[in-house]
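The values are calculated or read from the model by the stated rules, or taken from the named source; none is laboratory data. Owing to the predicted nature of the structure, the values given are computational and were not obtained by experimental measurement. Every residue, glycine as well, gets a Cβ built from its backbone with ideal geometry; the counts of neighbours run over all protein chains shown. Calculation scope for accessible area: heavy atoms of the full protein, side chains included, ligands and nucleic acids excluded. Shrake-Rupley method; radii C 1.70, N 1.55, O 1.52, S 1.80 Å.
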Amino acid sequence: MSDLPSILPPNAQQVEYDLEQLSGRLLGAADPISALWDPQTIPAPLLGYLAWALSVEEWDPYWSEDVKRAVLESSITVHRYKGTRRAVVEALNSLGLGNTISEWFEYGGDPHTFRLDFPAADIFAAGYRIDAGFLFQIDRLLNAVKPVRSHYKVRAIETTSNELFVSPAFADLMVDEAIMTMELP
């Protein structure tokens, strides 16, 4: 019984059909071609080839398999919206980086600029370090997908809790009134 399509001529012997079926399964011919174009079903060793075929802007062979598949999954959307805010957000989200993007009119910056705020905890949770290599990778990615006229600033921010603890040892010190009236989220 054969479930793979055969390329042998009709006068082939049964042993030849059996060898064709066995070798086809061992070499991966049982996988339909459509599975090789799907980021979720393609075998892991072939992910880099699919990235090349889809013209993925930024690819790192040291990423985890989940990140590679997420980048491939979002590549069509990134290409469709290239040069827009959505492309920037999609590309960064596929890397597992939570971010807050603010455009110039939202924070009073220069025209055609935007600012990316990355929570430091999200950077570390995604498996990155805050170093020159990380910034270089973000720079290459952003320059590939952002609007060409736009400039940007990248900031790593640290979030804190809304609780304030004052040690009894400092109770007698003078406290700044601005701190006392500040509202914490």
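Tabulated results
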quantity: Residues satisfying the stated conditions in the range 109-136, i.e. farther than 11 Å from LYS153 by Cβ and open to solvent by less than 70 Å² (accessible area, probe 1.4 Å); calculated: PHE118, PRO119, ALA120, ALA121, ASP122, ILE123, ALA126, GLY127, TYR128, ASP131, GLY133, PHE134
quantity: Condition broken by SER74, with the remaining ones in (1) in a loop (DSSP other than H, G, I, E, B); (2) among the hydroxyl-bearing types (Ser, Thr, Tyr); (3) surrounded by 18 or more Cβ atoms within 10 Å (Cβ to Cβ) satisfied; calculated: (1)
quantity: Restricting the range 91-108 to residues that are in a helix (DSSP H, G or I) and of a type in the set (S, T, N, Q), the residue that is surrounded by the most Cβ atoms within 10 Å (Cβ to Cβ); calculated: SER94
quantity: Residue within the range 132-151 that is more than 14 Å from LEU92 (Cα to Cα), without any contact (Cβ under 8 Å) to a residue 24 or more places away in the chain and out of contact with any His (no Cβ under 7 Å at 6 or more places or on another chain) present; calculated: yes
quantity: Count - residues of the range 110-138 that are closer than 19 Å to ASP66 by Cα and not in a helix (DSSP H, G or I); calculated: 4
quantity: Test for VAL88: is it touching a Lys or Arg at 6+ places or on another chain (Cβ under 6 Å) and either among the aromatic types (Phe, Trp, Tyr) or open to solvent by less than 40 Å² (accessible area, probe 1.4 Å) (or both); calculated: yes
quantity: Total residues in the range 41-63, condition open to solvent by 40 Å² or more (accessible area, probe 1.4 Å), under 20 Å from ALA87 (Cα atoms) and aliphatic (A, V, I, L, M); calculated: 1
quantity: Check on VAL15, in a helix (DSSP H, G or I) and surrounded by 11 or more Cβ atoms within 10 Å (Cβ to Cβ); calculated: no
